[in-house]
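S.K.: Got a structure for you, questions after.
The values are calculated or read from the model by the stated rules, or taken from the named source; none is laboratory data. Given the structure is predicted, the values throughout are model-derived calculations rather than measurements. As a convention, Cβ positions derive from the backbone with ideal geometry for all residues, glycine included, and neighbour counts pool all protein chains shown. The accessibility values were calculated without ligands, DNA or RNA, using every heavy atom of the protein model including side chains. Shrake-Rupley method; radii C 1.70, N 1.55, O 1.52, S 1.80 Å.
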Amino acid sequence: MGIMASSVQNPDLSVKIGRIRLKNPVIVASGTFGFGEEYEDFFDLSRLGAIIPKGISLKPMAGNHPPRIFETEGGIINSIGLQNPGFQDFIKDKLPYYKRIRSHLIINFFGNTQKEYVELARRFDEVPEISGLEMNISCPNIRKGGIVFGSNPKMAYHLVRKVRKSTKLTLIVKLSPNVTDIKLMAKSAEDGGADAVSLVNTFKAMAFNIHSRKPELGNLIGGLSGPAIKPIALRMVWEASQAVKIPVIGMGGIMKAEDAIEFILVGASAVQIGSANLVNPRTAIEVIDGIEKYLIQNQIKRVKKLTCLFRPHL
Ligand SMILES: Cc1cc2nc3c(=O)[nH]c(=O)nc-3n(C[C@H](O)[C@H](O)[C@H](O)COP(=O)(O)O)c2cc1C
């Protein structure tokens, strides 16, 4: 009987975000996966690390005037305007669906005032099906004349602190990339008590039609996502990872496993798949399989090792 060299056949893909243990680091991003049902014909949703449905507000929202999506070279600009059924109808009509799915449910939510954020966090805290919250701070504060919460470090800090006090759930703060210093924003979220930060949300953008001489989007300005933003998103995830001690969830233009691995190598503990879901609905599954293959090929036992390359404290 010879001595067999130990080889990695079943690498450990699990990661921990706050108190949530994900079976793998792949999450589907808010707004790009509907409420999940739309995708169940393409793969078993229980394979996902987590599902983040469309962002929820206290009251239903109708969203912006059409057209709401415009395809650009290497990406899309959307101005959906955070259309959603609101808290009550989400709980009544959408939540029951997730009982059958053995994946974590993380709720993306937002408010127009600090009070609305706090109220929503309090309400979601009492819902047993929910594993965690992702607060979208890329929203204008109507009481402060429309300054976006996520572009002002002080405002973000106070908002996160208030929300932190109103929920025991794992709290992820989703950062806007439309800021001068992403490190400062990530630090503000951490200081406010966030368990993790996720980034990036979309970049403010626009497109104009030279024939009609009208804007391509009903709302004039929208948010750019997809491969066009990947190198900038990657840089921001790197900077945020260096600025905080908490886990970072990276996204922005991930289309395939190699993209996801880049984000993990610069410090992300997990990744989110956004616009790619609209192009190939199986992207998330292909990314999970691709990460596993990469670990086997490189004989790496756990995906966490990749995150720790530049973040040894994790
Ligand atoms: C159509 C669409 C709707 C979105 N809706 C939300 C939303 O409700 N809440 C949110 O935090 N992010 C929303 N996002 C942003 C994505 O979750 C993600 O942060 C962004 O698209 C960057 O990732 P990607 O390049 O992989 O798409 C939306 C993006 C798109 C394209």
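S.K.: Which of Lys115/Lys230; Lys59/Lys168; Lys23/Lys59 have a Cα-Cα distance over 30 Å? Write down the numbers at each step before the final one.
M.R.: Numbers: Lys115/Lys230 34 Å; Lys59/Lys168 23 Å; Lys23/Lys59 33 Å.
Over 30 Å apart, Cα to Cα: Lys115/Lys230; Lys23/Lys59.
S.K.: Still on this model: Local charge sum around Gly86 (other residues, Cβ-Cβ under 15 Å, Lys/Arg +1, Asp/Glu -1)? Walk me through the intermediate numbers first.
M.R.: Values: positive: Lys54, Lys59, Lys92, Lys94, Arg123; negative: Asp89, Asp93, Glu116, Glu119.
Spelling it out: positives minus negatives among the neighbours equals +1.
S.K.: What angle, in degrees between 0 and 90 and rounded to the nearest 10, separates the Cα long axis of helix 283-297 from the longest principal axis of the Cα atoms of the chain?
M.R.: 30 degrees
S.K.: Now, a different point. Not counting the cut sites, what is the longest span of the chain without trypsin sites (Lys or Arg not before Pro) that DSSP labels loop and that have at most 15 other Cβ atoms within 10 Å? Intermediate values should be presented prior to the final figure.
M.R.: On the way: sites that count: Arg19, Lys99, Arg100, Arg102, Lys168, Arg213, Lys245, Lys256, Arg282, Lys301.
It works out to 20-98.
S.K.: Can you pull the one-decimal nm distance between simple spin-label points at Asp289 and Lys305, each 7 Å off the Cα toward Cβ?
M.R.: My value for the distance between the label points is 2.4 nm.
S.K.: Below 8 Å between Cα atoms, with a sequence gap of 6+, how large is the relative contact order for the range 218-314 in percent? Present the calculation step by step, with values, prior to reporting the outcome.
M.R.: Values: 140 pairs, mean separation 26.8, N = 97.
RCO, the range 218-314: 28 percent.
S.K.: A further question follows. Taking DSSP loops as anything outside H, G, I, E and B, show the longest stretch in the chain free of GluC sites (Glu not before Pro) there with at most 10 other beta carbons within 10 Å. Each step should come with its number before you reach the end.
M.R.: Details: sites that count: Glu73, Glu126.
Longest site-free region, per DSSP loop and neighbour criteria: 127-314.
S.K.: Compute and list, largest first, the equivalent-ellipsoid semi-axes of the range 196-279 from the alpha carbon gyration tensor, each √(5λ) rounded to a whole angstrom. Before the final figure, lay out the partial values.
M.R.: Numbers: eigenvalues 168, 36, 18 Å².
After scaling each eigenvalue by five and taking roots: 29, 13, 9 Å.
S.K.: Using helices alone, what [θ] at 222 nm do you get for the chain, with -39,500 (n - 2.57) per DSSP H run of 4 or more residues, divided over all residues and rounded to the nearest 500? If you can, show how the numbers build up before the last one.
M.R.: Working: 10 runs with 90 residues, N = 314.
Result for the chain, helices only: -8000 deg cm²/dmol.
S.K.: Which of the three applies to the range 14-129, rounded, prolate or oblate, going by the alpha-carbon gyration tensor with a ≥ b ≥ c and a/c under 1.5 meaning rounded? Kindly include the intermediate steps, with their values, before the conclusion.
M.R.: Values: a/c = 1.64, a/b = 1.11, b/c = 1.48.
Here the range 14-129 falls in the oblate category.
S.K.: With every protein chain present, what is the per residue accessible area of the chain (1.4 Å probe, Å²)?
M.R.: On the way: 14770 Å² over 314 residues.
Result: 47 Å² per residue.
S.K.: Another question, if that's okay. Suppose every K and R has +1 on its Cβ and every D and E has -1 on its Cβ; what is the size of the dipole of the chain about the Cα centre, in Debye to the nearest 20? Spell out each step's value before the answer.
M.R.: Working: 41 positive and 28 negative charges, 219 e Å.
In debye, rounded to 20, the chain gives about 1040.
S.K.: With r as the distance between the Cβ atoms of Glu119 and Lys256 and R0 = 41 Å, compute the FRET efficiency 1/(1 + (r/R0)^6) and round to 0.05. List each step's numbers first, then the result.
M.R.: Values: r = 40 Å, r/R0 = 0.97.
With R0 = 41 Å, the Cβ-Cβ based efficiency is 0.55.
S.K.: Quick one: dipole size for the range 106-161, taken about the Cα centre, charges +1 on Lys/Arg Cβ and -1 on Asp/Glu Cβ, in debye to the nearest 20. If you can, show how the numbers build up before the last one.
M.R.: Values: 7 positive and 6 negative charges, 83 e Å.
It comes to approximately 400 debye.
S.K.: Restricting things to alpha carbons, tell me how big the range 89-175 is in terms of Rg and Dmax, in Å.
M.R.: Considering the range 89-175 through its Cα atoms, Rg and Dmax are 13.5, 43 Å.
S.K.: State whether the range 64-136 is rounded, prolate or oblate according to the following rule on the C-alpha gyration tensor (a ≥ b ≥ c being the square roots of its eigenvalues): a/c under 1.5 gives rounded; otherwise a/b larger than b/c gives prolate, and the remaining case gives oblate.
M.R.: Values: a/c = 2.15, a/b = 1.53, b/c = 1.41.
The shape class here is prolate.
S.K.: Using the Kirkwood radius built from alpha carbon pairs, what does the Stokes-Einstein equation give as D for the chain at 4 °C and 1.567 mPa s, in µm² per second?
M.R.: Numbers: Rh = 19.7 Å.
My calculation gives 66 µm²/s for D.
S.K.: Further question: Tell me the label-point distance for the pair His313, Arg213, using the 7 Å Cα-to-Cβ offset, in nm and rounded to one decimal.
M.R.: That separation, rounded to one decimal, is 5.7 nm.
S.K.: Provide the descending list of Cα extents for the range 155-314 along its principal axes, expressed in whole angstroms.
M.R.: 56, 42, 26
S.K.: Please list, in order along the range 52-65, the HN-Hα scalar couplings obtained from phi with the Karplus expression 6.51 cos²θ - 1.76 cosθ + 1.60 (θ = phi - 60°), rounded to whole Hz, x for Gly and Pro.
M.R.: Whole-Hz 3J(HN,Hα) from phi for the range 52-65: 10, x, 3, x, 10, 10, 4, 10, x, 10, 7, x, 8, 5.
S.K.: List, in order, the whole-Hz ³J(HN,Hα) value for each residue of the range 16-30 obtained from phi through the Karplus relation with A = 6.51, B = -1.76, C = 1.60 and θ = phi - 60°; use x for Gly and Pro.
M.R.: 10, 10, x, 9, 9, 9, 8, 6, 8, x, 9, 10, 8, 7, 4
S.K.: Accessible area of the chain with a 1.4 Å probe: how many percent of it is carbon plus sulfur?
M.R.: Values: 7960 of 14770 Å².
About 54 percent, which is the carbon plus sulfur part of the accessible surface.
S.K.: Cβ under 13 Å from Ile17's Cβ, Ile17 left aside: what net charge do those residues give with Lys, Arg +1 and Asp, Glu -1?
M.R.: Numbers: positive: Lys16, Arg19, Arg21, Lys23, Lys174, Lys304; negative: Glu134, Asp195.
Residues near Ile17 contribute +4 overall.
S.K.: By how many degrees, between 0 and 90 and to the nearest 10, does the Cα long axis of helix 153-165 differ from the longest principal axis of the chain?
M.R.: Between the helix axis and the principal axis of the chain, the angle is about 70 degrees.
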